[in-house]
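Shown next, in structure tokens, is the structure this report addresses.
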């Protein structure tokens with residue numbers, strides 16, 4: 001007879017195999033254990049293994065087996081829902097998330113995923129209601145606060161959006177996203193000093209989020225301060241040297257600041273990083289002043305000849 005210690009050792013070994021992506025060895029352990037014991041926890045572990053392998057048909061089969069053994073096992077319905085969501089079968093996913101919540105009204109993860117799917121489906125009111133249900137259970141849920149705030153921001157309900165973003169920033173003071181989103185919200189409210197301050201905090205907490213530099217630079221451009229806007233993008237480029245749109249916007253700002261030759265250099269760098277944006281660039285009216293430059297004609301004329 002298998003002892004508890006041997007079960008624990010084998011489960012631990014299977015987890016080690018999964019960590020090394022030795023899927024077949026882990027699967028073999030789980031299946032051998034299930035030959036003698038229809039343990040739901042083992043089935044759940046097997047389902048997660050198939051999820052890691054993206055073997056969704058087998059994963060669903062495992063969860064269906066669990067439901068046949070215990071129709072009240074909410075985690076099996078949740079597991080099927082996540083697979084259906086991954087496959088973009090959102091309406092079916094909703095029904096399984098709802099079943100998981102029906103069986104366990106305190107199932108926070110299922111409520112969170114359900115709200116996300118409603119958002120993906122464009123069911124914004126249902127998404128908000130579901131996030132509210134989750135926050136009733138756990139008002140300190142970081143992502144529920146941030147995502148709910150984002151939904152209100154999309155609808156221009158800016159005071160409510162700000163309320164939830166501030167809450168998110170208090171829950172996790174080290175996360176940059178609430179501050180980035182507060183920058184967006186304050187920008188919409190035309191409270192520019194607050195917006196600039198918020199983006200500055202976001203950048204300090206995460207210098208690798210290029211959009212924070214972009215949005216902050218655009219605020220300075222709106223005020224006519226090209227020098228500071230370009231300095232912001234320079235810092236963003238230093239931290240994110242492979243992000244094409246930082247160079248592109250720097251080029252645009254330089255052109256608007258009547259420095260077309262310097263702007264052209266940045267545009268060329270942007271197109272080298274993202275060639276698929278070249279046609280867009282050629283139609284961008286903001287860049288009209290650089291199209292007469294010899295450097296532009298030499299570089300992009302040569303590019304066009306090479307493409308032909």
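A few notes on this one:
- Residue match in segment 6-19 (condition: crowded, with 21+ Cβ neighbours inside 10 Å, without any contact (Cβ under 8 Å) to a residue 24 or more places away in the chain and in contact with a helix residue (DSSP H, G or I) (Cβ under 8 Å, 6 or more places away or on another chain)): no
- Pairs with Cβ under 9 Å, 6+ apart, first in segment 96-110 and on the phi < 0 side of the Ramachandran plot and modelled with pLDDT under 95, second outside any loop (DSSP other than H, G, I, E, B) and surrounded by fewer than 17 Cβ atoms within 10 Å (Cβ to Cβ): none
- Restricting segment 221-234 to residues that are free of Cβ contacts under 8 Å to residues at least 24 places away in the same chain and either in contact with a helix residue (DSSP H, G or I) (Cβ under 7 Å, 6 or more places away or on another chain) or surrounded by 18 or more Cβ atoms within 10 Å (Cβ to Cβ) (or both), the residue that is farthest from residue 190 (Cα to Cα): 233
- Condition check for residue 207: in contact with a helix residue (DSSP H, G or I) (Cβ under 8 Å, 6 or more places away or on another chain), assigned to a loop (DSSP other than H, G, I, E, B) and either farther than 19 Å from residue 300 by Cα or touching a residue at least 24 places away in the same chain (Cβ under 8 Å) (or both): yes
- In segment 153-184, the residue that is surrounded by the most Cβ atoms within 10 Å (Cβ to Cβ) out of those that are over 14 Å from residue 139 (Cβ atoms), in contact (Cβ under 8 Å) with a residue 12 or more places away in the chain and over 19 Å from the mean Cα position of the chain (by Cα) is 162.
- Verdict on residue 103 being under 30 Å from residue 184 (Cα atoms) and surrounded by 14 or more Cβ atoms within 10 Å (Cβ to Cβ): no
- The one condition from (1) free of Cβ contacts under 8 Å to residues at least 24 places away in the same chain; (2) farther than 29 Å from residue 154 by Cβ that residue 45 does not meet is (1).
- Hits in segment 76-108 (condition: within 24 Å of the chain's Cα centre (by Cα) and within 19 Å of residue 49 (Cα to Cα)): 78, 79, 80, 81, 82, 83, 84, 85, 86, 87
Matching residues to (1) surrounded by fewer than 16 Cβ atoms within 10 Å (Cβ to Cβ); (2) closer than 25 Å to residue 160 by Cβ; (3) at pLDDT 95 or above; (4) touching a strand residue (DSSP E or B) at 6+ places or on another chain (Cβ under 7 Å):
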{"residue": "189", "(1), (2), (3), (4)": "yes, yes, yes, no"}
{"residue": "253", "(1), (2), (3), (4)": "no, no, yes, no"}
{"residue": "269", "(1), (2), (3), (4)": "no, no, yes, no"}
{"residue": "276", "(1), (2), (3), (4)": "yes, no, yes, no"}
{"residue": "292", "(1), (2), (3), (4)": "yes, no, no, no"}
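The values are calculated or read from the model by the stated rules, or taken from the named source; none is laboratory data. Quantities reported herein were computed from a predicted structural model and do not represent experimental measurements. Glycine gets a Cβ as well: all are built from the backbone with ideal geometry, and neighbour counts include every protein chain shown.
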